[in-house]
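Only one structure is covered here, and it is reproduced in the block below.
Bear in mind that the values in this text are calculations on the coordinates, not laboratory data. Bear in mind the structure is a predicted one, so any value in this text is a computation, not a measurement.
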Amino acid sequence: MGCLAIGYIANRFGRRLALGAACCVSYAAIFAQVFANQNGVLLLGKLLNGLSLGSYLTISSSYAVEVCPIKLGGIPSNGDVHL
């Protein structure tokens with residue numbers, strides 16, 4: 001679910017803001033898990049953290065490609081090598 005949600009958020013607001021939002025959700029979920037005094041709060045924290053971790057897997061590679069210099073990007077699809 002996090003992978004699907006972050007795709008929409010990244011297209012709508014940008015990859016940097018989407019990655020920042022995933023970080024904030026993860027911080028809140030970790031806080032909820034650490035200070036949970038009921039099983040429901042712990043479960044909610046784990047679910048929210050799972051959503052943010054799924055979004056990390058999706059958005060991190062596309063954001064890295066966006067900010068990476070062209071020379072470090074690898075071999076282009078047309079076979080030209082940038083040196």
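Table for the structure above
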| read-out | value |
| --- | --- |
| Residue-by-residue Karplus 3J(HN,Hα) for the range 6-15, coefficients 6.51, -1.76, 1.60, Hz, glycine and proline x | 6, x, 5, 5, 5, 5, 7, 10, x, 6 |
| 222 nm mean residue ellipticity, helices alone, for the chain (DSSP H n ≥ 4; -39,500 (n - 2.57); rounded to 500) | -25500 deg cm²/dmol |
| Karplus (6.51, -1.76, 1.60) ³J(HN,Hα), θ = phi - 60°, over the range 37-49, in Hz, Gly and Pro reported as x | 10, 9, 5, x, 5, 5, 5, 4, x, 5, 5, 5, 5 |
| Principal axis dimensions, the range 7-48 - Cα atoms, whole angstrom, descending | 37, 14, 8 |
| The range 2-64: relative contact order as a whole-number percent, Cα under 8 Å and 6+ apart | 49 |
| Selected from 14, 45, 54 as most flexible by GNM, with the chain as the system and alpha-carbon contacts under 10 Å | 14 |
| Unit Cα scatterers, Debye sum, the chain: log10 I(q)/I(0) for q = 0.13, 0.21, 0.24 Å⁻¹ | -0.52, -0.90, -1.02 |
